[in-house]
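Notes follow the structure.
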């Protein structure tokens with residue numbers, strides 16, 4: 001009898017799912033930042049009449065989107081961005097629940113809708129990024 005060797009794993013071609021998620025979140029932030037710059041969409045310092053915005057907040061969204069798109073080039077970078085960016089947005093969401101000085105509130109205006117969005121999106125980003133880091137293909141267990 002001859003013994004057969006187990007088949008070598010076939011390398012995947014194309015981007016990993018976490019890269020697509022990172023790209024999607026990056027494009028979401030870029031579109032959000034672009035919408036904040038459009039006068040008809042942003043009225044009375046509110047995006048769609050719901051989310052409080054400021055010039056600095058718009059810049060944060062545009063930079064976050066650009067970094068996410070850049071990090072989507074690699075699955076490791078994409079998953080690390082999702083974890084780090086998610087943690088930062090959860091911290092911003094928690095900070096929005098606290099009574100902050102007016103100077104901070106001018107930079108980072110957070111209303112109830114913004115807090116819910118930051119906490120929800122940040123938590124989802126952490127879960128997706130950490131899950132991929134933990135279960136990444138080729139990782140020794």
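Readers should treat all values here as calculations from the given coordinates under stated rules, not as data from a laboratory. It should be emphasised that the depicted structure is a prediction, and the values quoted were computed from it without experimental measurement. As a convention, Cβ positions derive from the backbone with ideal geometry for all residues, glycine included, and neighbour counts pool all protein chains shown.
Here are the numbers:
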quantity	calculated
Potential extension, residue 123-residue 103 segment - 0.36 nm per residue separation minus Cα distance	4.5 nm
Neighbour-count ranking [beta-carbon atoms within 10 angstrom, fewest first] of 106, 44	44, 106
Most mobile of 104, 83, 18 in a GNM of the chain (Cα contacts under 10 Å)	104
Compactness relative to 2.2 N^0.38 Å, alpha carbon Rg of the chain	1.34
Rounded FRET efficiency, nearest 0.05, which uses the C-beta distance separating residue 73 from residue 46 and R0 of 22 Å	0.05
Crossing angle, helix 75-97 versus the chain [Cα axis fit, 0-90 degrees, rounded to tens]	30
Order of 75, 54 under a 10 Å beta carbon neighbour criterion, fewest first	54, 75
